[in-house]
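The values are calculated or read from the model by the stated rules, or taken from the named source; none is laboratory data. All of these numbers come straight from a predicted model, not from anything done at the bench. Ideal geometry is used to build each Cβ from the backbone, glycine not excepted, and the neighbour counts take in all protein chains shown. To get the accessible areas, we keep the full protein, side chains included, count just its heavy atoms, and leave off ligands, DNA and RNA. Shrake-Rupley method; radii C 1.70, N 1.55, O 1.52, S 1.80 Å.
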Amino acid sequence: MWGGRFSEKPDAIMEEINASIDFDKALATQDVAGSRAHAAMLAEQGIITAEDAARIIEGLDQIATEIAEGRFTFSRALEDIHMNIEARLKDIIGEPAGRLHTARSRNDQVATDFRLWVRDAVDEIDKQLAGLQSALVARAEAFADAVMPGFTHLQSAQPITFGHHLLAYVEMIARDRGRFADARRRMNENPLGSAALAGTAFPIDRRQTAAALGFDRPMANSLDGVSDRDFALEALAAASITAIHLSRFAEEIVLWCTAQFGFVRLSDRFTTGSSIMPQKRNPDAAELVRAKAGRVIGSLTALLIVMKGLPLAYSKDMQEDKEQVFDALPNLSLSIAAITGMVSDMEPNLEAMKKAAGSGYSTATDLADWLVREANLPFREAHHVTGRIVAEASGRGVLLEDVPLDVMQAVHPAITSAIFDVLSVDASVTSRVSEGGTAPENVLRQARLWAERLQAEKPGA
């Protein structure tokens, strides 16, 4: 394909390090689509004949079928997906195949193919993330008033509801989807027509190929067109943050499934056993989601390092861009599917959650707030009084609500029996009515708003 300048075959080691077909064959669908659009544009502009374009497109259609049916033979001797498809096209239609590469280079061809692949992957990930949000919202609505402990420093802090906890992840995933959407908007420009680096002297119509491939516009600078990999970096950055969110949730699922927490139970569908300990139910799906975050983040780091010292325009280093993305985005997709499955599968132990919610004197803040409202104490003094009462409860080995009234009054005489109305975990969560708070009515309202929003996103809604 490029041997006119060379008199000797490449060394075997050169062939080994240079070939990319083992991984860039993943771009086959996008490569065929880009070539169809390019051939049609060349004919429209009178650069090749309509007859040649028709034969090229017919041959590409046959190749697409062969690839889809697993009948296409990929050759390492032909280096990459572009040369593999062009060689097969020549086998099918003969001489006109050589006209397809007019006014383009493998540099803009791979930039186009890769951009299309990443765009397709981002679109699929967004659909999956919407599905995860829907699963979380459904569970949040079902358990809007289920009391559980809220933690800071992994220490019992204040009571919250299970629905409120799940909705936190809905918000996080909304930001993830926003990052992917922003990245998609920026990546949706057409590199095709940039040629090797300087554009072409042929009278091509880059807007035609942009429209045919679903791009918003051509890229404005040919050097940038072939050398930019920001679109891949942005996708990996968004994927990395998403993977962190999934990993945090996976970690909570792992904790919740322990005997020590006992907050949720996963079925056999998302757990495994032990080869030696018959009692074990291991939350392996959650643990693997947690681990895959490392792969995604590692892919971002690797590509950043590949790109950091490259002068314009194309360098062969950039062949190392695709394996990172081809690994990271499918693994993120699998992680999303696993978390979505676990959200729908897990059964909360409401009794264990509620019992744990009352531990660690979690309603102490409610006592302090009562002293501010009812006894007109400054909050700092109320905080001090509450701390002394907590110390009394701890010394007696009882819950805060079981401290006798006379003992509380000995700490501060303004305390009345009305204090017991705010010391239960149910009273605590019900009182948190501020916007964004954990009160069940808030959770239910927010879950329903999210359900409506997600339903409105669906085609035909």
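If you go through region 150-167 one residue at a time, how many are closer than 16 Å to ASN349 by Cβ and in a helix (DSSP H, G or I)?
Selection size over region 150-167: 4.
Quick check on my filter: what residues within region 419-430 are part of a helix (DSSP H, G or I), open to solvent by 40 Å² or more (accessible area, probe 1.4 Å) and touching an Asp or Glu at 6+ places or on another chain (Cβ under 7 Å)?
Narrowing region 419-430 to residues part of a helix (DSSP H, G or I): 419-421, 425-430.
Right, trim to open to solvent by 40 Å² or more (accessible area, probe 1.4 Å) and you get 420-421, 426, 430.
Within region 419-430, PHE420 is the sole residue that qualifies.
Identify the single condition in (1) without any contact (Cβ under 8 Å) to a residue 12 or more places away in the chain; (2) not assigned by the TED database to the domain that holds GLU251 that GLY309 does not satisfy, given that it satisfies every other one.
With respect to (1) without any contact (Cβ under 8 Å) to a residue 12 or more places away in the chain; (2) not assigned by the TED database to the domain that holds GLU251, GLY309 is out only on (2).
With the structure loaded, tell me whether ALA157 is farther than 30 Å from GLY309 by Cβ, in the same structural domain as ILE244 (by the TED database) and either surrounded by 17 or more Cβ atoms within 10 Å (Cβ to Cβ) or in contact with a Phe, Trp or Tyr (Cβ under 6 Å, 6 or more places away or on another chain) (or both) or whether it fails that test.
Criteria met by ALA157.
Within the set of pairs 6 or more residues apart or between chains, which connect a residue that is assigned by the TED database to the domain that holds ILE339 and farther than 17 Å from GLN324 by Cα inside region 221-245 to a residue that is part of a helix (DSSP H, G or I) and open to solvent by 30 Å² or more (accessible area, probe 1.4 Å) with Cβ atoms less than 8 Å apart?
Final answer for the pair search is VAL226/ASN107; ILE244/ILE297.
Every residue, every condition in (1) in a helix (DSSP H, G or I); (2) open to solvent by less than 50 Å² (accessible area, probe 1.4 Å), yes or no:
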| residue | (1), (2) |
| --- | --- |
| LEU371 | yes, yes |
| HIS383 | yes, no |
| GLY395 | yes, no |
| MET408 | yes, yes |
| PRO413 | no, no |
| GLN446 | yes, no |
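Which numbered condition in (1) open to solvent by 10 Å² or more (accessible area, probe 1.4 Å); (2) in contact with a Lys or Arg (Cβ under 8 Å, 6 or more places away or on another chain); (3) within 30 Å of GLU320 (Cβ to Cβ); (4) not aliphatic (A, V, I, L, M) is the only one that HIS38 fails?
HIS38 satisfies every listed condition except (1).
Is one or more of the residues making up region 434-441 open to solvent by less than 70 Å² (accessible area, probe 1.4 Å), of a type in the set (A, V, I, L, M) and outside any loop (DSSP other than H, G, I, E, B)?
The answer is no; no qualifying residue exists.
Can you tell which of ILE63, ILE48 is part of a loop (DSSP other than H, G, I, E, B), within 29 Å of PRO203 (Cα to Cα) and not assigned by the TED database to the domain that holds GLU347?
Answer to the selection: ILE48.
Pairs under 9 Å by beta carbon, first residue on the phi > 0 side of the Ramachandran plot and modelled with pLDDT under 95 in region 127-154, partner aliphatic (A, V, I, L, M) and open to solvent by 10 Å² or more (accessible area, probe 1.4 Å), six or more apart or different chains?
So the pair list comes out as LEU154/LEU255.
Could you list, in sequence order, all residues of region 160-170 that are open to solvent by 10 Å² or more (accessible area, probe 1.4 Å) and either over 13 Å from the mean Cα position of the chain (by Cα) or polar (S, T, N, Q) (or both)? Quick ask: steps written out before the conclusion?
So in region 160-170, the residues open to solvent by 10 Å² or more (accessible area, probe 1.4 Å) come out as 160, 164-165, 167-169.
Of everything in region 160-170, those that are open to solvent by 10 Å² or more (accessible area, probe 1.4 Å) and either over 13 Å from the mean Cα position of the chain (by Cα) or polar (S, T, N, Q) (or both) turn out to be ILE160, HIS164, HIS165, LEU167, ALA168.
Could you list, in sequence order, the residues of region 412-436 that are of a type outside the set (D, E, K, R) and in contact (Cβ under 8 Å) with a residue 60 or more places away in the chain?
Within region 412-436, LEU423, SER424, VAL425, ALA427, SER428, VAL429, SER431 meet the criteria.
Do we find a residue being in a helix (DSSP H, G or I), modelled with pLDDT under 95, open to solvent by 40 Å² or more (accessible area, probe 1.4 Å) and not polar (S, T, N, Q) anywhere in region 356-364?
Within region 356-364, one or more residues are in a helix (DSSP H, G or I), modelled with pLDDT under 95, open to solvent by 40 Å² or more (accessible area, probe 1.4 Å) and not polar (S, T, N, Q).
Here is a yes/no grid of residues against (1) aliphatic (A, V, I, L, M); (2) in contact with a Pro (Cβ under 9 Å, 6 or more places away or on another chain); (3) within 20 Å of ALA195 (Cα to Cα); (4) part of a helix (DSSP H, G or I):
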site	(1), (2), (3), (4)
ILE67	yes, no, no, yes
GLU86	no, no, yes, yes
ILE92	yes, no, no, yes
ALA97	yes, no, yes, yes
ARG104	no, no, yes, no
ASN107	no, yes, yes, yes
ALA111	yes, yes, yes, yes
ASP123	no, no, no, yes
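Cβ contacts < 7 Å: first residue open to solvent by less than 60 Å² (accessible area, probe 1.4 Å), restricted to region 61-73; second residue among the acidic types (Asp, Glu), any location; separation 6+ or different chain. Result?
Pairs found: PHE72/GLU66.
Among the residues of region 303-351, count how many are in a helix (DSSP H, G or I), open to solvent by less than 30 Å² (accessible area, probe 1.4 Å) and aliphatic (A, V, I, L, M).
Number satisfying all stated conditions: 11.
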